[in-house]
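Participant: Here it is: the structure, laid out below.
The values are calculated or read from the model by the stated rules, or taken from the named source; none is laboratory data. Keep in mind the model is a prediction, meaning the values are calculated, not measured. Every residue, glycine among them, receives a Cβ derived from its backbone with ideal geometry; neighbour counts consider all protein chains shown.
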Amino acid sequence: MSEFKKTAEELSQNYRSLVRGVGIAVAYYDDTVTPSNYYENAFLKELCVCMYGEDLGERFGPYKLTSEIAVSLMVIFMKLLNGRLKG
């Protein structure tokens, strides 16, 4: 995983004029494409960029912005932030 962290840091530096930071996450294909994971699909579609392979975000949406999506994305962000603070 340290290679992912190094790549994320390099991308963050290279594109700091466009984004505050880059994060890299690993997701399981079956979990990602499951229709019941509506909020995770919205996250993938709206806030992620495919760097390799099939762009799964093309399968989803468009999404109507709702408070449920906002709350779900905040939960995802908090998990990512907590992981970054711990490690």
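Participant: Any idea which residue in region 10-49 is farthest from Ile69 (Cα to Cα), counting only those that are surrounded by fewer than 13 Cβ atoms within 10 Å (Cβ to Cβ) and of a type in the set (Asp, Glu)?
Facilitator: Glu10
Participant: Name the residues in region 59-74 that are farther than 16 Å from Thr32 by Cβ and not small (Gly, Ala, Ser), would you?
Facilitator: Pro62, Lys64, Leu65, Thr66, Glu68, Ile69, Val71, Met74
Participant: If I filter region 59-86 down to residues being in contact with a helix residue (DSSP H, G or I) (Cβ under 8 Å, 6 or more places away or on another chain) and in a helix (DSSP H, G or I), which single residue comes out as surrounded by the fewest Cβ atoms within 10 Å (Cβ to Cβ)?
Facilitator: Across region 59-86, the extreme among qualifying residues is Glu68.
Participant: Within region 52-87, how many residues are aliphatic (A, V, I, L, M) and touching a residue at least 12 places away in the same chain (Cβ under 8 Å)?
Facilitator: Counting residues in region 52-87 that are aliphatic (A, V, I, L, M) and touching a residue at least 12 places away in the same chain (Cβ under 8 Å) gives 5.
Participant: How many of the residues in region 46-58 are in a helix (DSSP H, G or I), of a type in the set (Asp, Glu) and modelled with pLDDT of 80 or more?
Facilitator: 1
Participant: List the pairs whose first member sits in region 3-32 and is within 23 Å of Leu56 (Cβ to Cβ), whose second member is among the hydroxyl-bearing types (Ser, Thr, Tyr) and surrounded by 13 or more Cβ atoms within 10 Å (Cβ to Cβ), and whose Cβ atoms are under 6 Å apart, counting only residues at least 6 apart or on separate chains?
Facilitator: Gly21/Ser12; Val22/Ser12
Participant: Here's something else I'd like to know. Can you name every residue in region 7-45 that is outside any loop (DSSP other than H, G, I, E, B), modelled with pLDDT under 80 and of a type in the set (A, V, I, L, M)?
Facilitator: Residues satisfying the conditions are Ala42, Leu44.
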